[in-house]
Amino acid sequence: MSILIHEAREPHPSFASFYARYLTEHADRHSRQLHFLGSTLALVFLTLLALTANGWWLLAAAGSFYGFSWSGHFLFEKNWPRSFRQPAYAFASAWLMYWQMLSGQISF
């Protein structure tokens, strides 16, 4: 699918069905690696936010989380990020995929 074409989809009735579709849109390992990097950096930046109370770390966390993830979609997957369509499920799915990569259930 071209990243220039945005196809509308019906909302998923459950998180499980959404996550199954989410995984199919993260088939390229380079994209998953960028997601993992962005999520890890976001955790580092959130830790720095907690330690310093400097609000710029929150901006850095959001920028790394979404910036690296969206780059993976546009550069490798050639699809629109799910966060554009269903942001809450996509956010939860990103962290579930992160945990599954960290625990070896999904390859990098």
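The values are calculated or read from the model by the stated rules, or taken from the named source; none is laboratory data. Since we're looking at a predicted model, the values are computed, not measured. Reconstructed Cβ throughout: ideal geometry from the backbone, glycine too, with neighbour counts over all protein chains shown. Calculation scope for accessible area: heavy atoms of the full protein, side chains included, ligands and nucleic acids excluded. Shrake-Rupley method; radii C 1.70, N 1.55, O 1.52, S 1.80 Å.
Calculate the spin-label point distance for Ala27 paired with Leu58, positioning each point 7 Å from the Cα along the beta-carbon direction, and give it in nanometres.
3.9
Mind checking the dipole of the chain: about its Cα centre, +1 per Lys or Arg Cβ, -1 per Asp or Glu Cβ, Debye to the nearest 20?
For the chain, the charge dipole is close to 40 debye.
Mean residue ellipticity at 222 nm from the helices of the chain, using -39,500 (n - 2.57) per DSSP H segment of n ≥ 4 over the full residue count, to the nearest 500 deg cm²/dmol?
On the way: 4 runs with 67 residues, N = 108.
Helix contribution divided over all residues of the chain: -20500 deg cm²/dmol.
Per residue, how much accessible area does the chain have with a 1.4 Å probe, in Å²?
With all protein chains present, the chain gives 58 Å² per residue.
So if we plug the beta-carbon distance of Val44 and Leu96 into 1/(1 + (r/R0)^6) with R0 = 22 Å, what FRET efficiency do we get, rounded to 0.05?
The formula returns an efficiency of 0.65 here.
In sequence order, what are the phi-derived ³J(HN,Hα) couplings for the range 38-43 according to the Karplus relation 6.51 cos²θ - 1.76 cosθ + 1.60 with θ = phi - 60°, rounded to whole Hz, with x for glycine and proline?
x, 5, 5, 4, 4, 5
Nearest 10 degrees, 0 to 90: what angle lies between the long axis of helix 87-102 and the longest principal axis of the chain (Cα atoms)?
Approximately 80 degrees, to the nearest ten.
To the nearest 10 degrees, how steep is helix 56-72 against the longest Cα principal axis of the chain, on a 0 to 90 scale?
30
Rounding to the nearest 10 and keeping the result within 0 to 90°, find how far the Cα-based axis of helix 15-24 lies from the longest principal axis of the chain.
80
Percent of accessible area on the chain owned by carbon and sulfur, 1.4 Å probe? All intermediate terms of the calculation are to be shown ahead of the outcome.
Working: 4460 of 6290 Å².
Answer for the chain is 71 percent, counting heavy atoms of protein chains only.
What label, among (i) 15, 37, 32, 14, 2, 0; (ii) 15, 45, 31, 9, 0; (iii) 13, 49, 32, 6, 0, belongs to P(r) over Cα pairs in 10 Å bins from 0, in percent computed from the structure on display?
Correct label is (ii).
Can you grab the distance from the C-alpha centre of the range 15-31 to the C-alpha centre of the range 52-66, Å, no decimals?
Going from one Cα centre to the other spans 26 Å.
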